[in-house]
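Worksheet for the structure shown next.
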Amino acid sequence: MTASATIASTGFDGFGLDKALIRGIRALGFETPRTIQFETIPAGLEGRDVLGLAQTGTGKTAAFALPLLDRLLEERRKGPRALVLAPTRELASQIEAEIAALSKFTSLKRVTIYGGVSMHNQIRALRQGPEIVVGCPGRVLDLLQQRRLHLDQIETLVLDEADHMFDMGFLPDIRKILAALPERRQNLLFSATMPREIRKLADDLLTDPYVVELENLAPVGTIDHALILIPEKRKRALLEHVLSRDDCETAIVFTRTKHRARRLAEQLEKAGHRAVALQGNMSQAQRDRAMRGFRQRRFDILVATDIAARGIDVSGISHVINFDVPDTPEAYNHRIGRTGRGEDEGEAWTFVTNHDRGWVRATESMIGQPIPRRQVEGFEPDFEVKSERSRPPRGNPRGTGGGGRQRNGRRNAGNSGNSRNSAGRGRKRRRSG
Ligand code: AMP
């Protein structure tokens with residue numbers, strides 16, 4: 001039997017993880033490791049550097065957290081011994097929550113460090129000598145420079161959503177943080193895309209990395225996605241129509257700007273929907289309240305901007321609606337990946353005006369398949385947006401039967417120079433996951 005077949009038949013038991021972690025995994029209800037976990041956990045346990053090309057929703061948090069926790073349990077010492085950097089407070093909180101759940105039956109301590117809230121509690125928590133620090137680069141660097149945080153004992157560094165850290169201008173801070181870490185350590189880097197700067201960072205940071213690449217060019221198999229052509233001035237009426245349908249239980253609506261998110265949430269609320277905004281002009285307390293309300297289903301609709309919504313992991317979202325198309329084709333996959341998580345099915349609808357033709361072309365070209373057009377009765381378009389190419393979709397997209405949501409191909413270890421686009425053209429070996 002191959003190693004992965006053994007693990008498949010024994011679930012998480014086959015990895016040889018600490019028993020306390022296995023209890024945590026059971027308590028979370030995880031039965032079978034996800035593809036990225038199959039691949040990353042053994043390499044992580046061996047102490048290898050890992051480059052994971054995967055987006056949020058694939059199970060990557062447990063993929064890096066489990067080997068990290070196992071190592072901390074092997075030999076107890078004062079911390080901080082593991083540093084996890086994430087681009088947003090929301091993602092940092094989610095990572096912390098998952099680490100807390102996985103290590104529930106251990107006495108490992110954690111602290112979460114991000115800006116927008118008082119430093120006081122973070123400093124107090126650091127005094128307790130937590131083994132694990134999860135944080136955003138800005139505040140981590142602040143505390144480091146104030147000598148409140150010491151990173152000279154770090155054994156494992158995780159950079160999560162590295163491409164977003166770059167988008168948000170965090171690379172200079174990250175480089176300063178790296179300079180404060182001991183030379184000998186394990187590095188795990190996760191990114192959904194590999195822009196040039198991240199490739200460079202990976203090359204500088206990683207030594208002979210084990211590379212795991214989950215194919216993330218085409219939208220995940222459980223998402224039914226479509227474009228709806230609509231003039232700008234009819235978007236709101238169409239949105240209300242879609243939100244009022246019986247099958248629309250919970251939705252994230254994406255807008256281009258913070259101002260549009262705020263205004264649209266207000267308008268929806270006035271129209272009788274339970275809607276709340278999540279945008280960058282809100283204070284941390286307001287954002288937390290919005291997210292909590294959405295998670296607890298006090299709101300059915302979250303109207304969000306891209307940055308604010310980064311890393312949101314709420315299960316059971318039935319619809320993602322792109323009220324405005326995202327800035328980049330890459331952001332499309334990130335947005336629509338908020339639905340169809342796990343085994344759930346989800347729908348992702350993008351409102352497209354006749355000014356969005358360039359975006360449609362670029363996005364279809366990136367994902368390598370036309371996005372189906374859909375018409376809604378009473379909202380028939382009076383214009384057309386043609387697909388640049390109408391070649392048959394690659395792989396086995398939804399609706400053609402078979403195919404799980406994770407289709408992955410692994411590259412040779414050590415070759416970190418790859419980009420989403422080049423991967424899109426020269427497809428590598430693929431197996432269904
Ligand atoms: P992530 O990509 O880490 O944000 O994970 C997405 C979601 O999948 C989270 O809610 C995890 O708790 C969940 N998850 C991760 N691994 C598993 C697993 N093996 N089985 C079931 N759920 C999982």
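Considered as a group, the residues in the range 130-141 that are touching a residue at least 40 places away in the same chain (Cβ under 8 Å) and either surrounded by 21 or more Cβ atoms within 10 Å (Cβ to Cβ) or under 13 Å from Ser93 (Cβ atoms) (or both) include one that is farthest from the chain's Cα centre (by Cα), and that residue is Glu131.
So, in the range 9-21, exactly how many residues are in contact with an Asp or Glu (Cβ under 9 Å, 6 or more places away or on another chain) and buried (at least 18 other Cβ atoms within 10 Å of the Cβ)? Matching residues across the range 9-21 total 5.
Total residues in the range 361-381 satisfying the condition of being modelled with pLDDT of 85 or more, part of a loop (DSSP other than H, G, I, E, B) and of a type outside the set (Phe, Trp, Tyr): the figure is 10.
Taking the range 30-129 and the helices (runs of 4 or more DSSP H) fully enclosed by it, the elements with 1 or more residues that are buried (at least 24 other Cβ atoms within 10 Å of the Cβ) and either away from the ligand (no atom under 16 Å from the Cβ) or in the same structural domain as Ala20 (by TED's automatic domain parsing) (or both) are at 35-45, 60-74, 89-102. In the range 156-170, the count of residues that are assigned by TED's automatic domain parsing to the domain that holds Phe64 and more than 26 Å from the chain's Cα centre (by Cα) is zero.
Exactly one residue out of Ile312, Ile301 is β-branched (Val, Ile, Thr), away from the ligand (no atom under 16 Å from the Cβ) and closer than 24 Å to Ser244 by Cα: that is Ile301.
Among the conditions (1) out of contact with any helix residue (DSSP H, G or I) (no Cβ under 8 Å at 6 or more places or on another chain); (2) surrounded by fewer than 21 Cβ atoms within 10 Å (Cβ to Cβ), Leu229 misses just one, which is (2).
Taken over the range 94-107, the criterion of being in contact with a Ser or Thr (Cβ under 6 Å, 6 or more places away or on another chain) and either modelled with pLDDT under 95 or charged (D, E, K, R) (or both) is satisfied by Glu96, Glu98.
Just give me the residues in the range 186-200 being free of Cβ contacts under 8 Å to residues at least 40 places away in the same chain and either surrounded by 18 or more Cβ atoms within 10 Å (Cβ to Cβ) or aliphatic (A, V, I, L, M) (or both), in sequence order. Once the filter is applied, which keeps residues that are free of Cβ contacts under 8 Å to residues at least 40 places away in the same chain and either surrounded by 18 or more Cβ atoms within 10 Å (Cβ to Cβ) or aliphatic (A, V, I, L, M) (or both), the range 186-200 yields only Ile198.
Within the range 251-276, the set of residues being surrounded by fewer than 20 Cβ atoms within 10 Å (Cβ to Cβ) and among the hydroxyl-bearing types (Ser, Thr, Tyr) comprises just one member, Thr257.
The values are calculated or read from the model by the stated rules, or taken from the named source; none is laboratory data. Being a predicted model, the structure only gives us computed values, none of them experimental. Virtual Cβ from ideal backbone geometry, glycine too; neighbours counted across all protein chains shown.
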